[in-house]
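Working notes, structure below.
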Amino acid sequence: MEKLILKAEKRNIFGKKSKNLRKKGLIPAILYGKKTENYPLEIKAQDFHTIYKKSGDTNIIDLEFEEQGKKQVRNVLVQDVSYHFLNGQPMHIDFYEVEMDKLIKAHIPVNFFGESPAIAKGGILIKSMNEIEVEALPKDLPHEIPVDISKLINFNQTIYIRDIKFPSGIKVLVDEDTPIASISEPISEEELEKELGEAKTVEEVEVEGETEKADKEEEKEEASKEEEQPEEKKD
């Protein structure tokens, strides 16, 4: 697998001044781990976008930076990315340093592929899981779990965890009888209109007050991430 290298620099700007970093195309970040003290960093936004597309949250990144004049290379996972509620741009990144010889748990995204004959007949694909929890050494964590839906030939067929071939070194932490995807029979126009009507009602309720909520969330995010140098993270 391609080695993913992301360069960073030590960050000396905190709080509201972090906006100046973002204007320069930089993203505030923090490095931490079980045996790692909090270390504030700044990352070029373009570099992060390029690497994150390849790594996601489950592939190891070699994070490079200088500390007291010495080059540091840390094996990290992207633990969390905070996004701006309006433009969707990354506001802050959490990097977690992993111990390469220790098992870790992770939620691996499911990638559905293939063409289901049952869908071609009018069946409806129901995705029961979008990610699967596994345990493995950091180097063995897959980027995704492929699930071939072309096996769904008839209505009411189901793909279960037990039907998936996982890479070696992976321990699946989900019961083997858990469904991942299935095909239901075609729905009538009347039933469809009824479901769409109910969905619309729910959406209207969720949208109410959304702007005010987003404003408060951004203020909270700024306060927790940037008001002062972060304290040590706890697992």
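Computed from the coordinates by the stated procedures, all read-outs in this text should not be read as laboratory data. Fair warning: this is a prediction, and the values are worked out from it, not measured in the lab. Cβ coordinates were reconstructed from backbone atoms using ideal geometry, including for glycine residues, and neighbour counts include every protein chain displayed.
Sequentially through segment 128-137, phi angles give Karplus couplings (6.51, -1.76, 1.60; θ = phi - 60°) of 7, 9, 10, 8, 10, 7, 9, 10, 6, 5 Hz, Gly and Pro residues having no value and appearing as x. Placing a label point 7 Å from the Cα of residue 73 along the Cα-to-Cβ direction, none of the residues of segment 131-172 has a backbone N under 11 Å of that point.
Residues whose amide H lies under 5 Å from that of residue 180, counting only those 5 or more places away or on a different chain, are 159, 160, 161; hydrogens are built 1.01 Å from N in the peptide plane. Checked against a 27 Å cut-off, the cross-linked pairs 54/127; 53/171; 44/171; 34/165 give Cα-Cα distances beyond that limit for 44/171; 34/165. Whole-Hz Karplus values for segment 14-29 come out as 9, x, 5, 5, 4, 4, 5, 5, 5, 5, 8, x, 10, 10, x, 8 Hz, taken residue by residue from phi with 6.51 cos²θ - 1.76 cosθ + 1.60 and θ = phi - 60°; glycine and proline positions read x.
What the Cβ-Cβ distance of residue 158 and residue 4 gives, at R0 = 41 Å and to the nearest 0.05, is a FRET efficiency of 0.70. Count Lys and Arg as plus one, Asp and Glu as minus one, and take only other residues whose Cβ is under 13 Å from that of residue 131; the net charge is then -1.
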